[in-house]
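J.: This structure is in structure tokens; I'll ask about it shortly.
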Amino acid sequence: MKKTILSTVLVTSLFISGIASASASPSNRYIATDVDTFWTISQKFNINLSILQAANPQVDPYNIYKGTSIQLPNPVSQKQSWNSKADAIIAIGMKQLGTPYMFGGDTPGVAFDCSGFVQYVFNQNGFNLLHSAALISQMGVAVNKNDLRKGDLVFLQGTYTSGVSHVAIYLGNNKILQAGTMGTREVKISTFFGTPYYDSHYWGARRLIN
């Protein structure tokens, strides 16, 4: 009888130990913390956000809590160059050229403001941006203006309020894709550095596309 009990305890112990080892394996699983989102996890492991979400259909993106088990995609399956990601984002934005400007606008083909436009084109490509230039300026990593590449975000400050108040998408060759600001009030392409208004209000740049 004692042998049977001991055997059962041993098997149970080994079973639980096996589960613990599997869930702790760093190779393809990540155990979330209370402050994690799909965005922070994608940045931490350099994984494309949309692919990470597709690998975890059972996880509510708005309810990731401490202890949530996140499946990390195989690195081969999620490889996509920053170049192709930037091209995809810019392509979506270009389709909105001429869309009128409206403060608070976030509707394709109807009206955009600057952050509503950037939020739309990035979120169409698997990101999770909020409708706020100031909040978007806290995402990604800082980029020196001499190191800008297409798909980076550039920010202005003090355009209508203090602090970061405008965001645009850098296209390369000193061109930006944006909604609003000076000139015609619509989604448009503008020359950036060397334009006095932009130079005087320039705040900095951030890179969200890995």
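The values are calculated or read from the model by the stated rules, or taken from the named source; none is laboratory data. Computed from a predicted model, the values in this text were never measured in an experiment. FYI the Cβ positions are ideal-geometry reconstructions off the backbone, even for glycines, and counts take in every protein chain you see. These accessible areas exclude ligands, DNA and RNA; they are computed on the full protein's heavy atoms, side chains included. Shrake-Rupley method; radii C 1.70, N 1.55, O 1.52, S 1.80 Å.
J.: How big is the convex hull of the Cα atoms of the range 37-183, per residue, in Å³?
T.: So the per-residue hull volume is 135 Å³.
J.: From the mean inverse distance of alpha carbon pairs (Kirkwood) and the Cα radius of gyration, derive Rg over Rh for the range 120-210.
T.: Using Cα coordinates only, the ratio equals 0.92.
J.: Calculate the tail of P(r) for the range 35-118: the fraction of all Cα-Cα distances greater than 22 Å, expressed in %.
T.: I get 46 percent for the Cα pairs in the range 35-118 exceeding 22 Å.
J.: Pop out the carbon and sulfur fraction of the accessible area of the range 102-183 as a percent, whole number, probe 1.4 Å.
T.: Its accessible area is 48 percent carbon and sulfur atoms.
J.: Over the range 28-76, what per residue volume does the convex hull of the Cα atoms give, in whole Å³?
T.: Here the figure is 65 Å³ per residue.
J.: Here is a further query. May I ask you to list the aspartates and glutamates whose Cα is less than 20 Å away from that of LYS188, ignoring any residue fewer than eight positions away on the same chain?
T.: Of all the aspartates and glutamates, those that pass the test against LYS188 - Cα under 20 Å, at least 8 places apart if same chain - are ASP87, ASP106, ASP113, ASP152, ASP199.
J.: If you don't mind, another one. Say R0 is 30 Å: what FRET efficiency, to the nearest 0.05, do ASP87 and VAL110 get from their beta-carbon distance?
T.: 0.75
J.: At a 10 angstrom cut-off on C-beta neighbours, averaged per residue, how do the peptides 202-209, 104-111, 185-192 rank from highest to lowest?
T.: By packing density, highest mean first, the sequence is 202-209, 185-192, 104-111.
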